[in-house]
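What follows is one structure encoded as structure tokens, with my remarks underneath.
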Amino acid sequence: MSSPISNQIRRLRFEHGEMTQSELAEKIGMTRQTVAAIEAGKYSPSLEAAFRIAQVFDAPLEQVFQWAG
Amino acid sequence: MSFREKAAWITLVVLLLCFGLYFGAIATHRISGKGWASVHLLMQCVAAFIVLQIGLTLAARWTTPRDGRSPRDEREQLIVSRSHTVGYYVLMVLTLVIGVPFHAGLPAVVLVNLALLDVVVAGLVVAVAQIVMFRRGF
């Protein structure tokens with residue numbers, strides 16, 4: 001079952017100097033596998049983790065995550 | 001593969017290896033379920049389980065130092081929590097199932113081995129559940 005939450009993490013990573021999943025993972029205190037799962041829509045992060053990711057990209061939360069319903 | 005997934009694989013393989021050896025010997029009557037021979041074999045298998053589990057986990061930590069030293073992140077915590085919930089229900093059901101041979105009057109040594117088998121099966125289920133969730137993302 002696909003998550004109702006979509007995200008723009010992949011695009012944002014490439015727009016921020018082709019940041020790798022490992023680099024993003026290190027910045028938000030998670031494993032690369034967890035970032036990969038979030039990016040693929042297989043795991044919905046907690047609100048705190050979502051804000052951390054948005055903070056890394058210096059973007060509002062709704063620009064990173066969208067509710068697809 | 002992350003350190004936590006490696007740790008789940010290690011638990012699965014070491015459980016299968018060590019307790020498979022013990023229950024295999026009991027099931028094929030290579031060793032009697034009664035007496036000190038089976039107790040010695042069980043103690044050897046438990047000792048081997050502890051040594052292998054610790055040794056291989058340390059080796060896995062050495063090969064993935066970043067993952068190995070950092071605490072579990074939220075997804076890993078959820079995976080551990082869910083897998084233990086599954087394992088708990090498996091253990092409860094198997095414990096209730098033991099009630100049948102208990103009332104059938106089977107010898108105590110058989111019941112003890114069945115109880116031990118329950119714990120091992122629950123441990124295997126926890127490890128498999130973790131591996132499945134790590135593999136599919138969650």
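Each reported figure results from applying straightforward, stated rules to the coordinates on display, with no laboratory input. What you see is a predicted model, and the numbers here were worked out from it, not measured in a lab. Heads up, the Cβs are rebuilt from the backbone with ideal geometry, glycines too, and the neighbour counts pull from every protein chain shown.
Based on DSSP H runs of at least 4 residues, each adding -39500 (n - 2.57), what is the mean residue ellipticity at 222 nm of the protein assembly as shown after dividing by all its residues, to the nearest 500 deg cm²/dmol?
Mean residue ellipticity, 222 nm, calculated: -24500 deg cm²/dmol.
Once you have the Kirkwood Rh of the protein assembly as shown from its Cα pairs, apply Stokes-Einstein at 20 °C and 1.002 mPa s and quote D in µm²/s.
The Stokes-Einstein estimate is 108 µm²/s.
Scale the Cα Rg of the range B:1-59 by the rule-of-thumb value 2.2 N^0.38 Å and send over the ratio, two decimals.
Values: Rg = 13.4 Å, N = 59, 2.2 N^0.38 = 10.4 Å.
Normalised Cα radius of gyration, the range B:1-59: 1.30.
What are the lysines whose alpha-carbon lies under 23 Å from the alpha-carbon of A:LYS27, with same-chain residues fewer than 8 places away excluded?
Those lysines meeting the cut-off are A:LYS42.
Ranking request for peptides B:49-60, B:97-108, B:6-17: highest mean number of other beta-carbon atoms within 10 Å first, then the rest in descending order.
So the order, starting with the most tightly packed, is B:6-17, B:49-60, B:97-108.
Note down the Stokes-Einstein diffusion coefficient of the range B:3-136 in µm²/s, whole number, using a Kirkwood radius over alpha carbon pairs, 20 °C, and 1.002 mPa s.
So the translational diffusion coefficient is about 131 µm²/s.
Out of A:GLY41, B:HIS29, B:HIS84, whose Cα points farthest toward the positive end of the dipole of the protein assembly as shown (charges: +1 Lys, Arg; -1 Asp, Glu; placed on Cβ)?
B:HIS29
For peptide B:128-137, how many partner chain Cβ atoms fall within 10 Å of a residue's Cβ, on average?
On the way: counts 0, 0, 0, 0, 0, 3, 2, 1, 3, 11.
So the per-residue partner count for this stretch is 2.
In Å and on Cα atoms, what radius of gyration and Dmax does chain A show?
10.9, 32
Taking the 0 to 90 degree range and rounding to the nearest ten, how far is the long axis of helix A:47-56 tilted relative to the main principal axis of chain A, both from C-alpha atoms?
40 degrees
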